[in-house]
Amino acid sequence: MHPNIAIKNLSYLPASRVLKSLPPDFPILFLGGGGDVEILAISFYEVSWRDFIGLEPTRMNSYPQQAFAFSAGYMGVVSYDQFQAEALPGRKPSRVFRVNQSLVFNKKDKKLCYVKAKDDFFKLKALGATYELPMSFFMNLIKSCNTKASQKKMGPLRPRESDESYLAKCQSAIEEIKNGRFYQINLLRYFDLDGDLTRSTAIARFERFSGPFGAYFDVGDLSLVSFSPEQFIELLPGRKIQIVSKPIKGTSPRARSAATDLRRRENLQTSVKDQCELHMIVDLMRNDLQKISFAGSVVVYERGKVNSFKNVHHLIADIRSDLLPEISIGELMRCLCPCGSITGAPKIEVMKAIFSYEQRNRGYFMGNVFYWDDGGHFNSSVLIRTLVKGQKNWEYAAGSGIVLQSKPYDEMQEIKTKCRVLTDP
């Protein structure tokens, strides 16, 4: 048992039921979705980003590991533009929260645990009030009948630019690849969601379509719903801290017919274009990792294997290394953020090109959401397939990796596939 946490087993409830039953004014910090484990913060407060990024993972490495993915620690979101030189005024700030109590839902084993930290290892100062739900709320919820919250149909997505404009950008990017400026670029299309998105509708959509690295944050002026299937960085405590990264490139839509679905999996696995696209990013991320890893420790465990999700098949690689000592969280993120799978290669030049093509800050789109447990386990996702609440409405973004062999129309169809988490009935 981890010495800093107390665990109480509760009668199992689905996370969606708990989320739908939360008081409407209580903020949400929720990680999970399509995976086996989901985490809901029930006592937390915001801390300074500047103070947080000075902390060192190796200081936590002497703590014994706990039995499950998260107990207490930190949850946060990193803006895509956090470490980028090119940005317009008003870039989104990275945010981080100290979580002292949480609910951990194990969907596979149908177990629910209430977890409470006895102490805060780093004792960072709170920026504001602590949000907390009493245990009596959950005990009453367990006893109550299972009522369905009302849901409203979600409005359609409207692209910010025309198909013709997007296709022209794709063709321009291909010409720049031919001229040697870069090898691959990830261009986004931005969409507006008509109407508001109620919590009830967001939760229902999240429950049905979220990938294993989904996230739902609704805290004051920070609101995002991410259906992400992509892991960014994981830190595994041990004699040496191991870094794990699993970038995604290559997409194929799922099919209703089992035979067609299998054929699409096989075609993606053997696609030279998609494999090349992924191999470029694997090489980029090997380069990023070696800056903060022991020499010779960066190893590619998997160069590209098809993984299947609710709407799509993806090619996923697996890269690992051993973290150098005395590397702060800020140094780690500065070397690795944003994830190479949503920039392209070479990274610095292609990020300049992205800014010139998109003419805007990306904000939380293509940034990452993370948790850092008191046991030293750090995990994060890339914010793909994500809705973000703006000043006036909700916005969505989806993109694709453009390489020399790309066909603009096919790239546009890939983006439509990635919008299915919102457009499918």
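Couple of notes before you dig in:
- Subset of segment 364-380 (residues that are of a type outside the set (F, W, Y) and at pLDDT 95 or above): M366, G367, N368, V369
- Within segment 227-246, considering residues that are within 21 Å of K305 (Cα to Cα) and outside any strand (DSSP E or B), the one most open to solvent (accessible area, probe 1.4 Å): K246
- There is no residue in segment 335-342 that is within 24 Å of K418 (Cα to Cα), assigned to a loop (DSSP other than H, G, I, E, B) and of a type in the set (A, V, I, L, M).
Residue-by-condition table, conditions (1) among the charged types (D, E, K, R); (2) part of a strand (DSSP E or B):
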{"position": "V369", "(1), (2)": "no, yes"}
{"position": "S381", "(1), (2)": "no, yes"}
{"position": "A398", "(1), (2)": "no, yes"}
{"position": "G401", "(1), (2)": "no, yes"}
{"position": "Q405", "(1), (2)": "no, no"}
{"position": "D410", "(1), (2)": "yes, no"}
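- Selected residue (only one of R208, R199, R189, R158 is basic (K, R), surrounded by fewer than 20 Cβ atoms within 10 Å (Cβ to Cβ) and touching a Phe, Trp or Tyr at 6+ places or on another chain (Cβ under 7 Å)): R158
- Checked against (1) at pLDDT below 90; (2) open to solvent by less than 10 Å² (accessible area, probe 1.4 Å); (3) within 16 Å of the chain's Cα centre (by Cα); (4) not β-branched (V, I, T), H313 passes all but condition (3).
- Within segment 270-293, considering residues that are modelled with pLDDT of 90 or more and open to solvent by 70 Å² or more (accessible area, probe 1.4 Å), the one nearest to Q413 (Cα to Cα): D283
- Subset of segment 161-190 [farther than 13 Å from S356 by Cα, small (G, A, S) and in a helix (DSSP H, G or I)]: S165, A168
- Once segment 1-48 is narrowed to residues that are over 24 Å from D120 (Cα atoms), in contact with a Ser or Thr (Cβ under 8 Å, 6 or more places away or on another chain) and in a loop (DSSP other than H, G, I, E, B), the residue that is modelled with the lowest pLDDT is G34.
- Selection of segment 104-133 for residues being open to solvent by less than 20 Å² (accessible area, probe 1.4 Å) and in contact with a helix residue (DSSP H, G or I) (Cβ under 7 Å, 6 or more places away or on another chain) yields only F105.
- Of the set (1) modelled with pLDDT under 95; (2) open to solvent by less than 40 Å² (accessible area, probe 1.4 Å), all apply to L224 but (1).
The values are calculated or read from the model by the stated rules, or taken from the named source; none is laboratory data. From a predicted model like this one, the values you see are computed outputs, not experimental measurements. Using ideal geometry, Cβ is built from the backbone for each residue, glycine included, and neighbour counts are taken over all protein chains shown. For the accessible areas, the whole protein counts, side chains as well, though only heavy atoms, and no ligand, DNA or RNA atoms are used. Shrake-Rupley method; radii C 1.70, N 1.55, O 1.52, S 1.80 Å.
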